[in-house]
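Undergrad: Here it is, the structure in full.
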Amino acid sequence: MTSATLSSLDNLLRTLEHREPERVPLILMLTMHGAKELGMELREYYARADCVAEGQLALQERYRHDVAVAFGYAAAEVEARGGDVVFRPNGPPVAGRPILSGPEDIRAMAQVDVQNTPCLARVLDSTRMLADAIGGQILIVGIVVSPFSAPVMQLGFEAYLDLLHSGDPAFDRLMEINQRFCIDWANAQLAAGANAICYFDPLSSTTMLPLEKLRDTGFPIARATIAEINGPAGIHLASGRVLPSVDDLATTGAAMIGVSALEDLSEVKAACGDRLAVLGNLNGIELARCSPEGAREMVRETIRKGAPGGGFLLSDNHGEIPYQVSDEVLRAVVEAGREYGRYPIREDL
Amino acid sequence: MQSPHVDELTDALLAMDRVRASECMKSAVNGGPPLQGVETLVVPALDRIGEMWAEGGVALSQVYMSGRICEELVDQILPPASPSRKRQPRMAIAVLEDQHLLGKRIVYAILRASGYELEDYGAVELDTLVTRALDDDIELLLVSTLMLPAALRVADLVSALKEAGSDCRVVVGGAPFTLTEDLWKDVGAYAMGATATDAIELASAWRDDGGGQQ
Ligand code: B12
C-alpha cells in the first residue's frame, strides 16, 4: 500500500461513501480567521470578496485542511432584505433588529435576487475565486440557513415561537418565501463553484422544538428544500442535539450530519449507520480556552469514537470555529488529526 | 412540601395546555396563600421542566411556553404590586453586548412565575449595565449571553463592579456557558445556571444566606 495517494477531495468522497479513506478529512470551518491572516478588521474583511477568498487560501496554506468556505455570516440573509447587521471586532456579526414585525410584513415579502444583492453577490464572487484557485482539489462548501431556522433572525426568536404555536397561515407563507430563497441561494453557490451545500437548520433539533412538531414542520421543509438543491447537501444543527431525530434526519436527503459536542459521537455514529456520514464534534468554545495538549486530547477522543469504518469528518460541533481559537490550538488540532486520523485507525487510540 | 398536582401541571405545561394548567393551579391554591401555591406547585414543575431540557428530554420551546403560561397564571393570583411578591434579593437581568433576547425573556418569566420581582435592563453595553446595577444597588445580577464574545465580556463586568466596591453577585447563563462547563469560572462569575430554572435556586440561595459570603 502506498500512502497519501488520494487527493483531498477524493479522500473525502470515499468517506462519504462510508468506506475507510486514507485519512480522516479535516474540516476546519474557519469563517473569521482569514481576517487575522490579512491583518484586517472583520467588518472590512467581509466587505471584500477578494479578501475572503485570499483569506481562505492563506488558511489553506497554513493548515492544509480539507475545506474552503466563502461564507461570511448568517445575518447576510437578512441584510439581503434590508436588515441591519451588528459587527463586533472579536466575533461574528449578527442580525440587528428584526425585519418583520408581523403577518402583514410576511405577506408583503418579495423574492430576493441573489445574483444582484451586494452582500450575497460578494459570497458568490469569493466562491468563484476559490473555484478558480483550488476547485476540483479541495472541497468548497456553500452555506445556507434553512427556511425553517431563518425566521429567528427575521422575526426574533420569541415572535417566531409565538407564530409557530399560533396556527397563523402567515407561517406557511413565510416558509414558502424562505424556501424559494434558500433554493436559489444554494443553487447560485453551486453554480459559482461550490461542490456541496451545508444546510444549517438548528431549529430542527429537539434541543429547540419537540419531535412531533418537527415532524410537521422542520423535517418536511428540509426534505422539500434539499430535494431542489442541485448538489450534495449536509445538514447541520449548529450544536443542537441530533440523536433523538436521526431516523427523521436520515430521510431529508442530506448525506451528512453535524453533531453536537453534548452528544456521544459513538452513539450518533451507530444510530446513523450507512445512512448519514457524521461531521464533528470538537467543542469550539472549549477550543477557545484549552491548551494545545487539551486540543490534541479532544481530537484523539473524537477520532477514536467517530473514525472507524469511515463515514466520518473531523470538525467542530457548530460549523464555525470561534475567532478566539488560537493558531497554536488550531495547529495542535491539525497535527493530532493527521497523527491519529490515519487509516486503519489504531485500536489502542 | 410539594403539591400533589406537580405531575399534572408539568404535563399540562409540556403540552402547552393553558386551560388544564390553570385548573391545576386553582385546585392547588384552593383559597390558601398564593405564594405557598406557587412555591409548592409552580416552582417544582418549572424546575422539573428545566432539568429535563438540560438533559435533552424536552425542547427549549416547551421551557419558553411553560415560563410564559406560568408567569401569566401567577400574575393573576399574585399581581406585580402584591406585597407577597418576593423583592429580595434586589435582582436585575440583562443581555450584555449581544442582540439575543430569548434567554433573558425565559429566565425573567420563570422568576416572575416563581413569585419574584426583578428589573429587566434589556440589551445593554457594559458601562450602562454597571451604572444601572450600582444605581439600583442590585444584589443579584443575572446576565444572559449567546455569543462567545459576550460571554467573555462578563469578566470586565465583574471587575468593574468589584472596582466600584459592589459585592453584587453576577450569575451567568446561555449557550456558551452550558456548552463549556467551566467558562463561568474563567470570567469570574459567582455562579452559572445551566438551565433557566436554576435562577430560582440561585435567588433562593441568596435569601438563605442573606447574600452573606462570596
Ligand atoms: C438556533 C441557533 C441559531 C439560529 C438562530 C439564532 C438566533 N437565536 O438568532 C441560526 C441558524 C440563525 C443561527 C445563526 C448564528 N449562530 Co447560532 N445557534 C443556534 C443554537 C442551536 C441555539 C441558539 C438559541 O437561540 N437558543 C435559545 C436560547 C434561549 O437558549 P440558551 O442560550 O441555551 O438559553 C437556555 C439556558 O442556557 C438558560 N439561560 C440563558 N440565559 C441565561 C441566563 C441566566 C442567568 C440563567 C440562570 C440561565 C440562562 O435559559 C435557556 C433555557 O433553559 C446555538 C447552539 C446551542 N446548542 O445552543 C447556536 C449558537 C448560539 N450560534 C452561534 C453562532 C456563532 C451563530 C452565528 C453568529 C454564526 C454566524 N457566523 O453567522 C449566527 C448568528 C445569527 C444571528 N442572530 O445573526 C454560537 C454562539 C457562540 C459562539 N461561537 O460565539 C452557538 C452557541 C453555537 C456554538 N456551539 O458555538 N444560530
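Undergrad: Return the lysines within reach of residue B:162: Cα separation strictly under 29 angstrom, same-chain partners fewer than 8 residues apart disregarded; answer none if there are no such residues.
TA: By straight Cα distance, residue B:162 reaches B:86, B:104, B:185.
Undergrad: Rounded to whole Å, give me the distance from the Cα center of the stretch A:195-242 to that of the stretch A:72-92.
TA: 22 Å
Undergrad: Taking chain A as a Gaussian network, Cα atoms linked when under 10 Å apart, which of A:280, A:83, A:310 shows the biggest mean-square fluctuation?
TA: Largest GNM mean-square fluctuation: A:83.
Undergrad: Pulled fully out, how much extra length does the chain show between residue A:132 and residue A:47, if you take 0.36 nm times their separation in residues and subtract their Cα-Cα distance?
TA: On the way: separation 85, 0.36 × 85 = 30.60 nm, distance 2.02 nm.
So the extension gain works out to 28.6 nm.
Undergrad: What is the spin-label model distance, in nm, from residue A:297 to residue A:346 if the labels are put 7 Å beyond Cα along the C-beta direction?
TA: The answer from the label model is 1.7 nm.
Undergrad: Rounding to the nearest 20 debye, state how big the charge dipole of the stretch A:121-202 is about its Cα centre with +1 on each Lys and Arg Cβ and -1 on each Asp and Glu Cβ.
TA: Numbers: 4 positive and 9 negative charges, 66 e Å.
I would put it at about 320 debye.
Undergrad: Right, another one. Output the relative contact order of the stretch A:184-271, whole-number percent, from Cα pairs under 8 angstrom with separation of 6+ residues.
TA: Details: 127 pairs, mean separation 27.4, N = 88.
Computed over the stretch A:184-271, the figure is 31 percent.
Undergrad: Subtract the Cα-Cα distance of residue A:264 and residue A:90 from 0.36 nm times their separation in residues, and report this length gain in nm to one decimal. Walk me through the numbers on the way to the answer.
TA: Details: separation 174, 0.36 × 174 = 62.64 nm, distance 3.05 nm.
Gain on extension, residue A:264 to residue A:90, equals 59.6 nm.
Undergrad: Please list, in order, the residues from the stretch B:146-161 whose amide nitrogen is less than 18 Å from a point placed 7 Å along the Cα→Cβ vector of residue B:205.
TA: Those under the cut-off are B:158.
Undergrad: About the Cα centre, and with charges only on the beta carbon of Lys, Arg (+1) and Asp, Glu (-1), how big is the dipole of the stretch A:1-72? Nearest 20 debye, please. Walk me through the numbers on the way to the answer.
TA: Values: 8 positive and 11 negative charges, 25 e Å.
Dipole size: approximately 120 debye.
Undergrad: Principal axis lengths of chain A from Cα atoms, whole Å, largest first?
TA: Rounded to whole Å, the extents work out to 63, 44, 36 Å.
Undergrad: Could I ask something else about it? Rounded to the nearest 10 degrees, what's the angle between the helix B:102-113 long axis and the longest principal axis of chain B, both from Cα atoms, 0 to 90?
TA: 50 degrees
Undergrad: Turning to a different aspect of this structure: Can you tell me the orientation of helix B:126-135 relative to chain B, as the angle in degrees between its alpha-carbon axis and the longest Cα principal axis, to the nearest 10?
TA: 70 degrees
Undergrad: Under 1.5 on a/c is rounded, so check that first for the stretch B:81-214, then, if it is not, pick prolate when a/b is larger than b/c and oblate when it is not; a ≥ b ≥ c are the square roots of the alpha carbon gyration tensor eigenvalues. Mind showing how you got there, number by number?
TA: Working: a/c = 1.40, a/b = 1.23, b/c = 1.14.
Here the stretch B:81-214 falls in the rounded category.
Undergrad: Extending each Cα 7 Å along its Cβ direction at residue B:36 and residue A:215, get the distance between those two points in nm, one decimal.
TA: Label at residue B:36, label at residue A:215, 4.4 nm between them.
Undergrad: In deg cm²/dmol and to the nearest 500, what is the mean residue ellipticity at 222 nm of chain B if only DSSP H runs of at least 4 residues count, each as -39500 (n - 2.57), divided by the residue total? Could you put the intermediate results ahead of the total?
TA: Values: 11 runs with 114 residues, N = 214.
About -16000 deg cm²/dmol.
Undergrad: Kirkwood Rh over alpha-carbon pairs of the stretch B:6-77, then Stokes-Einstein at 37 °C and 0.692 mPa s: what D in µm² s⁻¹, rounded to an integer? Could the numbers behind the result be given before it?
TA: Values: Rh = 11.9 Å.
Here the translational diffusion coefficient equals 275 µm²/s.
Undergrad: Suppose only helical runs count, i.e. DSSP H with n ≥ 4. What mean residue ellipticity at 222 nm does that imply for chain A under -39500 (n - 2.57) per run, divided by all residues and rounded to the nearest 500 deg cm²/dmol? Let's see the in-between values first.
TA: On the way: 17 runs with 159 residues, N = 349.
Helices in chain A give a 222 nm mean residue ellipticity of -13000 deg cm²/dmol.
Undergrad: Students often get this wrong: which residues of the stretch A:2-42 have the backbone nitrogen under 20 Å from the point 7 angstrom along Cα-to-C-beta of residue A:274?
TA: Counting only backbone N, you get A:11-22.
Undergrad: When chain A is modelled as a GNM with alpha-carbon springs shorter than 10 Å, which of A:99, A:143, A:321 fluctuates the most?
TA: A:99
Undergrad: Please identify the DSSP H helices in chain A that span no less than 18 Å along the helix axis (Cα) and have a mean Kyte-Doolittle hydropathy of -0.5 or more. Mind dumping the intermediate values first?
TA: Details: long enough: A:49-63 (21 Å, -0.27); A:118-134 (24 Å, 0.64); A:170-192 (33 Å, 0.05); A:292-306 (21 Å, -1.24); A:327-340 (19 Å, -0.34).
Once both thresholds are applied, what remains is A:49-63, A:118-134, A:170-192, A:327-340.
Undergrad: Using 0.36 nm per residue, how much length does the chain from residue A:19 to residue A:38 gain when fully extended, once their Cα-Cα distance is taken away? Walk me through the intermediate numbers first.
TA: Working: separation 19, 0.36 × 19 = 6.84 nm, distance 3.79 nm.
Once the chain is fully extended between residue A:19 and residue A:38, it gains 3.1 nm.
Undergrad: Give the relative contact order (percent, whole number) for chain A; include only Cα pairs under 8 Å separated by 6+ residues.
TA: Working: 671 pairs, mean separation 70.1, N = 349.
Computed over chain A, the figure is 20 percent.
Undergrad: Is the C-alpha gyration tensor of the stretch B:100-163 telling us rounded, prolate or oblate? Criteria: a/c under 1.5 is rounded; beyond that, a/b larger than b/c is prolate, otherwise oblate. Intermediate results must be reported in sequence, preceding the final value.
TA: Details: a/c = 2.20, a/b = 1.26, b/c = 1.74.
Oblate is the answer for the stretch B:100-163, as a/c is 1.5 or above yet b/c matches or exceeds a/b.
Undergrad: Using only alpha carbon pairs under 8 Å that are at least six residues apart, calculate the relative contact order of chain B and give it in whole percent.
TA: Values: 344 pairs, mean separation 39.9, N = 214.
Computed value for chain B: 19 percent relative contact order.
Undergrad: Using only the alpha-carbon atoms, how far is helix B:60-77 inclined from the longest principal axis of chain B? Give it as 0 to 90 degrees, nearest 10.
TA: 70 degrees
Undergrad: Just report the Cα centroid separation between the stretch A:113-146 and the stretch B:151-214, whole Å.
TA: For the stretch A:113-146 versus the stretch B:151-214, the Cα centre distance is 42 Å.
Undergrad: What net charge do the residues around residue B:21 carry, taking every other residue with its C-beta under 13 Å from that of residue B:21, with Lys and Arg at +1 and Asp and Glu at -1? Working shown, then result.
TA: On the way: positive: B:18, B:20, B:26, B:68; negative: B:7, B:8, B:11, B:17, B:23, B:71, B:72.
Here the count lands on -3.
Undergrad: Here is a follow-up. As an exercise, use a Förster radius of 25 Å and the Cβ-Cβ distance of residue A:111 and residue A:230 to find the FRET efficiency, rounded to the nearest 0.05. All intermediate terms of the calculation are to be shown ahead of the outcome.
TA: On the way: r = 18 Å, r/R0 = 0.73.
Given R0 = 25 Å and the Cβ-Cβ separation, E is 0.85.
Undergrad: On to the next question. Treating the beta-carbon of each Lys and Arg as +1 and of each Asp and Glu as -1, no other charges, what is the dipole magnitude of the protein assembly as shown about its Cα centre, to the nearest 20 debye?
TA: Values: 49 positive and 80 negative charges, 115 e Å.
It comes to approximately 560 debye.
Undergrad: Also, quick follow-up: Calculate the FRET efficiency for residue B:20 and residue A:223 from the Cβ-Cβ distance with a Förster distance of 35 Å, rounded to the nearest 0.05. Provide the component values of the computation, followed by the final result.
TA: Working: r = 33 Å, r/R0 = 0.96.
Efficiency, rounded to the nearest 0.05: 0.55.
Undergrad: Taking the Cβ of each residue in A:57, A:279 as the centre, tally the other Cβ atoms inside 10 Å and list the residues starting with the fewest. Before the final figure, lay out each step's value.
TA: Details: A:57 18, A:279 24.
Ordered by Cβ neighbours within 10 Å, fewest first: A:57, A:279.
Just so you know, all these numbers are worked out from the coordinates, no wet-lab data involved. Just so we're clear, the structure is a prediction, and the values are computed from it rather than from any experiment. Counting neighbours? That spans all protein chains shown, and the Cβs are built from the backbone with ideal geometry, glycine included.
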